[in-house]
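The values are calculated or read from the model by the stated rules, or taken from the named source; none is laboratory data. Predicted model only: the values in this text are computed from it and were never measured. Cβ placement follows ideal geometry from the backbone for every residue including glycine, while neighbour counts extend to all protein chains displayed. The area values use the complete protein model at the heavy-atom level, side chains included, leaving out ligands, DNA and RNA. Shrake-Rupley method; radii C 1.70, N 1.55, O 1.52, S 1.80 Å.
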Amino acid sequence: MDLTFTEDEQAFRETVRRFLADELPQDLARKTEGGWHLEKEDVARWNRILHAKGWSAPAWPEEYGGTGWSPVQRYIFNEECADAWAPILSPFGLSMVGPVIYTFGSDEQKAKYLPPILSGETFWCQGYSEPGSGSDLASLKTRAVRDGGDYVVNGHKIWTTQAHWADMMFCLVRTDTEGKPQQGISFLLIDMTSPGIQVKPIITIDGSHSVNEVFFDDVRVPVENLIGQEGMGWTYAKFLLGHERTLIAGVSVSKKRIAQLKRIAGAERQNGASLLEDTSFRNRVAEAEISLQALEMTSLRSLASENAGKGPGPESSILKIRGSELQQTISGLLVEAVGYYAGPYELERFEDGWNEEPIGPDYAQGSMAMHLYGRASTIYGGSNEIQRNVIAKMILGL
Amino acid sequence: MDFNFTSEQQLLQESVERFIQDEYDFDTRRKLAGSDDGFSRDNWAKFAELGWLGVSFSEDDGGFGGGPVDTMIVMEAFGKGLVTEPYLPTVVLAGGLVSRHGSDAQKADIIPRIVEGELMMAFAFAEPHGRFNLADLHTTATADGGGYVISGHKAVVYGAACAGKIIVSARTGGDVRDSDGVSLFIVDGDADGLSRRDYRTVDGLRASEVTLDNVRVGADAVLGPVGGALPLIEEAIDYGTVAVCAEAVGAMKVLHDATHEYLKTRQQFGQPIGKFQVLQHRMVDMFINYEEAKSMALMATLRVDDEPAVRAQAVSAAKVQIGKSGRFVGQESVQLHGGMGMTDELNVGSYFKRLTMIEVLFGNTDYHLNKYAAA
Ligand SMILES: Cc1cc2nc3c(=O)[nH]c(=O)nc-3n(C[C@H](O)[C@H](O)[C@H](O)COP(=O)(O)OP(=O)(O)OC[C@H]3O[C@@H](n4cnc5c(N)ncnc54)[C@H](O)[C@@H]3O)c2cc1C
């Protein structure tokens, strides 16, 4: 066993670092560092740059446009991206539906959907949750009824992130009301420009717009947009949730945020000295850093077993739980570091073209925005309560 | 020992709570918070009419002779409504300072006008790099002729935009962070050389960066002893802290009740989510946290008139409890509401944000824990 990187891996890191230094637009890096939501065009721009290099979907199999990197290389890549404050790409195409399509989709579906996901040309959204079906996802009611060559979809999705950006939605629909609820669910790809779809914004507590309600009123979806078999949607959805959980751990980003926290706390004054000299504050930063190490080692172990050919199992719930808790701890400390300047909060600050002096230190408001929006990380992607249920049942057999 | 309200206090509580219930629902509050002033001047006039602006001032000064318990009653109810009117800066902080330490002339000039609702005030005590240290002052006041010339930058002054007068802490002597050499001045909101940058805060209030550039005041603007005002400031901040502890208790009560109700009504897996034991225990911890917070807010309220050492210790203890409880109740309320808790539309997020800011206000949990331990 060994924790050091090989020479090849070091060289790889250098290559990635040089690419980022040359190609990552600094305005995007500053926005990411500042902690505010990016515009669609920001994300698309970075996606195009990565795609031009062939790096937009490192985890995909090479035949579909992946990089063929080892898990360790992917880990290094993520770490370098976070370190350079590269924007997070939209996960719905690249990390979620893409793998479902190349794993369960038809050849036509692969040819049609995968290339524009890679290039960042099409944006996707995830239509799972409904007003009455959050944690109990299998109870979902959005109906798809077969009519000739189409499904006719009626229902109501909620919390759909980036639905207002999306060209396509991957959607769980009920095609059968008999039997166990899981059995009647199918996985449909829906064109967001179809007649009968209405997208309504939901503003979250940080004042931003990233989630939506989506209403379906007799929306016609061609049968060829069904993934795999009718009634098998639950299986595909679960496959995908495993992917989402490893993603949510966000080790590299948390590492970078802790470095940022130390810099900020170093600049903040308390009794004329740096806040980092305050023992209680410093100890809590240290605690966060130790949690991060535990998370990182745990995810590296899980990566290693993935390398050995095992897909993400219920252990990914550990990563989701601890990763989201850690994000919240860090953003809480970031907010705490700025003292009274946690208060000022003007949404215009986050708009392109805003060029007034910040109120207080320039990092203060972004920290609050992250802190507020970050409350969602223990709720989405299967809430932390549900993750604990998964571990209790699937791993511990309780 | 007596935990009962007097009949006047009961009436006060009924009237404030009724106002919150009937006239300060969440939609109304949202509109007010988004308006130009960030609050309603009509409400302010109503507060005056109902006597709430005067309850804590002595009858001699033109008030109604109440005390900390009366302030607690008002603030707790205001916490339930997330009231944005500048009661804390005007009545509790600035009004309290003037009533306790003002000259007869200052009291006669200011208190009746506060009570009548004609004068709003703010207290500019914090500075950009001072964090929670009340003596960490770079703002200076230099004796000049019969009066003083004040220059400096005061940070995050709540209620400054609507304040006719702002009480400013400044150094007349000593070094940064010395206990001696701190003085207080009552400065007109529109004084020459005073400028403001006003902004909204995350909890729906209004605050300002206040810059003083050679602002001239007369000797009659000095509040309390020249060079010896730090104890007065500490006392004022303690009164303010006790008041926001009560406000936090009100806010926690709303979150507690809303979450309790949600657990009973929200259905998942064919049953109310309150049937899941893990959520029951979480709710129980919210309940316990609320009860502890209420106990400690009351304890500090009943000790805030005591000698400084007792007062400060009690206040720090209460603030630590409120910080911890407020954080737990706020965060868990969001969590147990799932996606709904993340929406701007539901009231839960706004209460969570106010509790988050109350934790910072007048010194955060770390600060008060250190202060308590060092005493
Ligand atoms: C910012 C944000 C973005 C999102 N993006 C998307 C998206 O793009 N696409 C999408 O489909 N969905 C999305 N979601 C929805 C998210 O997946 C759901 O919010 C989540 O599954 C919880 O469902 P709910 O909100 O209905 O809460 P509920 O399921 O009603 O849960 C309420 C509370 O009860 C707890 N609970 C429920 N059941 C149990 C149980 N059995 N045991 C213990 N505790 C339980 C929950 O943990 C939670 O604390 C997003 C949500 C948020 C907040």
What is the percent carbon and sulfur in the accessible area of the range A:252-351, measuring with a 1.4 Å probe over the protein chains and ignoring ligands?
53
Under a 5 Å amide H to amide H cut-off, with H placed in plane at 1.01 Å, what residues pair with A:THR161 once short-range neighbours are removed?
A:GLN126, A:ASN212
Going down the list A:LYS40/A:LYS110; A:LYS255/B:LYS324; A:LYS255/B:LYS275; A:LYS53/A:LYS200, which pairs span over 28 Å between their C-alpha atoms?
A:LYS255/B:LYS275; A:LYS53/A:LYS200
Between A:MET1 and A:TRP354, what is the label-to-label distance in nm when each label sits 7 Å out along the Cα-to-Cβ direction?
4.7
Please turn the phi angles of the range A:261-278 into ³J(HN,Hα) values with the Karplus equation 6.51 cos²θ - 1.76 cosθ + 1.60 (θ = phi - 60°), one per residue in order, whole Hz, x for glycine and proline.
4, 5, 5, 5, 5, x, 8, 6, 9, 9, 6, x, 9, 6, 4, 5, 7, 6
Residue by residue through B:350-360, how many Cβ atoms from other chains fall within 10 Å of the Cβ on average?
3
To the nearest 100 Å², how much accessible surface do chains B and A hide from each other in total, with a 1.4 Å probe?
4000
Give me the dipole magnitude in Debye, nearest 20, for chain A about the Cα centre, with unit charges on the beta carbon: positive for Lys and Arg, negative for Asp and Glu.
920
For the protein assembly as shown, whose charge dipole is built from +1 on Lys and Arg Cβ atoms and -1 on Asp and Glu Cβ atoms, the candidate among B:PHE57, B:PHE3, A:SER90 with its Cα farthest towards the positive end is A:SER90
What's the carbon and sulfur percent of chain B's accessible surface, probe 1.4 angstrom, rounded to a whole number?
49
Go through the range B:85-131 and flag every residue whose accessible area shrinks by 30 Å² or more with all protein chains in place compared to the isolated chain (probe 1.4 Å).
B:HIS129, B:ARG131
Using the Karplus equation 6.51 cos²θ - 1.76 cosθ + 1.60 (θ = phi - 60°), what ³J(HN,Hα) coupling, rounded to whole Hz, does each residue of the range A:223-234 give in order, writing x for Gly and Pro?
4, 5, 8, 7, 8, x, 9, 4, x, 9, x, 4
Rounded to the nearest 10 degrees, what's the angle between the helix B:365-374 long axis and the longest principal axis of chain B, both from Cα atoms, 0 to 90?
70
Work out, step by step, the length gained on full extension between A:SER70 and A:ASP218: first 0.36 nm times the residue separation, then minus their alpha carbon distance; give nm to one decimal.
48.8 nm
Suppose R0 equals 60 Å; then what is the FRET efficiency for A:GLU121 and B:THR140 from their Cβ-Cβ distance, rounded to the nearest 0.05?
0.50
Rounded to whole Å², per residue accessible area for the protein assembly as shown with a 1.4 Å probe reads 42
Hey, can you grab everything whose amide H is under 5 Å from the amide H of B:VAL222? Only 5+ residues off in sequence or another chain; H modelled, so Pro and N-termini drop out.
B:ILE186
Got a sec to turn the phi values of the range A:124-140 into Karplus ³J(HN,Hα) couplings, 6.51 cos²θ - 1.76 cosθ + 1.60 with θ = phi - 60°, whole Hz, x for Gly and Pro?
10, 9, 10, x, 9, 5, 10, x, x, 9, x, 4, 8, 4, 5, 7, 4
Give the residue from B:GLN267, B:TYR87, B:ALA300 lying farthest towards the positive end of the charge dipole for chain B; charges sit on Cβ (+1 for Lys and Arg, -1 for Asp and Glu) and the dipole is referred to the Cα centre.
B:GLN267
Among the range B:134-159, those whose backbone N falls under 16 Å of a label point 7 Å along Cα→Cβ from B:ASP198 are B:156-159
Most fluctuating of B:HIS337, B:HIS129, B:HIS256 in the GNM of chain B (C-alpha, under 10 Å) is B:HIS129
Between A:ASP27 and A:LYS40, what is the spin-label point distance in nm, taking each point 7 Å from the Cα along the Cα→C-beta axis?
1.8
When the chain is fully extended, how far beyond the present Cα-Cα distance does B:PHE287 get from B:ASP213, taking 0.36 nm per residue of separation?
21.7 nm
Tell me, which residues of the range B:318-347 get at least 50 Å² less accessible area when the other protein chains come in, versus the chain alone (1.4 Å probe)?
B:GLN331, B:GLN335, B:MET342, B:ASP344
Distant-in-sequence amide H partners of B:GLN268 (H built 1.01 Å from N, under 5 Å):
B:ILE273
Using a 7 Å offset from the Cα along the Cα-to-Cβ direction at both A:ARG13 and B:ARG100, what is the distance between the two label points in nm, to one decimal?
5.7
Residues of the range A:121-147 with the amide nitrogen closer than 19 Å to a label point 7 Å from the Cα of A:SER194, along Cα-to-Cβ, please.
A:122-131, A:140-147
With R₀ set to 25 angstrom, the calculated FRET efficiency between the beta-carbons of A:ALA294 and A:ILE88, to the nearest 0.05, is 0.65
Beyond 25 Å (Cα-Cα) in this structure, taken from B:LYS154/B:LYS371; B:LYS80/B:LYS165; A:LYS180/A:LYS320; A:LYS141/A:LYS320; B:LYS80/B:LYS294, we find B:LYS80/B:LYS165; A:LYS180/A:LYS320; A:LYS141/A:LYS320
